[in-house]
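Right, one structure below, let's go through it.
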Amino acid sequence: MDDRKIARCIYTNALTAGSSHENPQGLNKAILISAIDTTVAAICNALYVLARKFDRWRKIRLHPELAVKAFEESKRLQTPV
């Protein structure tokens, strides 16, 4: 689903549900900003964890296929929210 379809879905559902939010477009922006903040925090936390465990950083550089699992584990160790 592309970004415009997601935004339209949120906007339509907010109007249909009788949202008390006066501006459904503002609701889209609030959701987007929250998602960006969480994503940035998760990336920063992953870098922090890897900086403290440099041997793991080296392992990931040698085996990039481990990056996804390492990122998931960093979210467990340092929650982004």
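Computed from the coordinates by the stated procedures, all read-outs in this text should not be read as laboratory data. Predicted, not measured: the structure shown is a model, and the values here were computed from it.
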Restricting to lysines and to Cα separations under 21 Å from K69, and discarding same-chain partners fewer than 8 apart, the set is K53, K59
Restricting to lysines and to Cα separations under 29 Å from K5, and discarding same-chain partners fewer than 8 apart, the set is K29, K75
